[in-house]
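Asks: Take this structure, written in structure tokens, and hold onto it; I'll ask about it next.
The values are calculated or read from the model by the stated rules, or taken from the named source; none is laboratory data. Since the model is a prediction, treat every value here as computed from it, not as a measurement. Here the Cβ is made from the backbone with ideal geometry for all residues, glycine too, and neighbour counts use every protein chain on show.
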Amino acid sequence: MRIGIDLGGTKTESIAIDNRGTECARVRIATPSHSYDEIVSTMVRLVQQTEARVGQKGTVGVGIPGAISPATGLVKNANTVVLNGRPLDRDLGQALGRPVRVANDANCFALSEASDGAGAGGRVVFGVIVGTGTGGGLVVDGKVITGPHAIAGEWGHNPLPWPRDDERPGPACYCGKHGCIETYLSGPGLAHDHRAFTGEACDAGEIARKADQGDAAALATLARHADRMARSLACVINVLDPDVIVLGGGVSNIARLYQEVPRLLGKYVFSDTVATPIRPARYGDSSGVRGAAWLWPVD
């Protein structure tokens, strides 16, 4: 039995799956995002409740909105800021009395979809989470690639490729720079762009609904977004040439992306043909927690 935990901004979820990927139990608890000790105790409680439901102990993997620094062994780059500078894998492992594996949530997403999801069968799978932020994960031959700095796949903090004059210098990003891909493609980035052009305060879902109803301004916003997505993914394809790209996160529910972005890729990819499939995640919001469970290889 393998147990995965997905630490989110508002909820923390655990899942138990067997070696075939069959779900055996699931538990959700609100995330106490202002206290590191409470986060650790919450995850301990989740593991205990999950194991009580399945009647056996399992391996434990955790997905977090950050990464364990190879240099220090401490969490870095987490937007749940109380995690930063803490040895989460060691503290949770000590509390549970067993080893724990911790990985970036976008890496967990990519691993889930590469293992038995929309990217299954592909040697090189690039998983994208486009929601509150914009992250990515890379899986090659069934293994997550993290790199020596644990930042592989962090495409959201590269500058938007081939920017137009009206896209410079770009919106300010929390990383301290301007014009990051995340500031354009994320849900808040999409909403900001729509408001800048129309004065309307709409979230990504509402913009998509208006576009489906034929609203010209919403259609224009989504057209700009699709072109920016195509430019951004073209750079991924130019570097990695993945077998498949899988999209997750709230923005990935915009159906138009899967028609418009592939159609636009040919303008930006350095190739005579572009056949890279772009697919929605098979497991949707559950991909992260499933990928955390898959951090431990099948025996």
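Asks: Being among the small types (Gly, Ala, Ser), surrounded by fewer than 16 Cβ atoms within 10 Å (Cβ to Cβ) and under 19 Å from CYS108 (Cα atoms): is that true of GLY66 here?
Replies: Numbers: among the small types (Gly, Ala, Ser): yes; surrounded by fewer than 16 Cβ atoms within 10 Å (Cβ to Cβ): no; under 19 Å from CYS108 (Cα atoms): yes.
When the stated conditions are applied, GLY66 does not pass them.
Asks: Here is a further query. Check off (1) touching a helix residue (DSSP H, G or I) at 6+ places or on another chain (Cβ under 8 Å); (2) free of Cβ contacts under 8 Å to residues at least 24 places away in the same chain; (3) not aromatic (Phe, Trp, Tyr) for ARG90 and give me the number that stays unchecked.
Replies: (1)
Asks: Please specify each residue of the stretch 1-11 satisfying the condition of being in a loop (DSSP other than H, G, I, E, B) and touching a helix residue (DSSP H, G or I) at 6+ places or on another chain (Cβ under 9 Å). Walk me through how you get there before you give the answer.
Replies: Of the residues in the stretch 1-11, the ones in a loop (DSSP other than H, G, I, E, B) are 1, 8-10.
Those that are in a loop (DSSP other than H, G, I, E, B) and touching a helix residue (DSSP H, G or I) at 6+ places or on another chain (Cβ under 9 Å): MET1, GLY8.
Asks: So if I check each of VAL239, VAL274, VAL246, which one is surrounded by 22 or more Cβ atoms within 10 Å (Cβ to Cβ) and outside the structural domain of SER14 (by TED's automatic domain parsing)?
Replies: Testing whether each residue is surrounded by 22 or more Cβ atoms within 10 Å (Cβ to Cβ) and outside the structural domain of SER14 (by TED's automatic domain parsing) leaves just VAL246.
Asks: Restricting the search to the stretch 126-181, which residues are basic (Lys, Arg) and under 18 Å from the mean Cα position of the chain (by Cα)?
Replies: Across the stretch 126-181, the qualifying residue is only LYS143.
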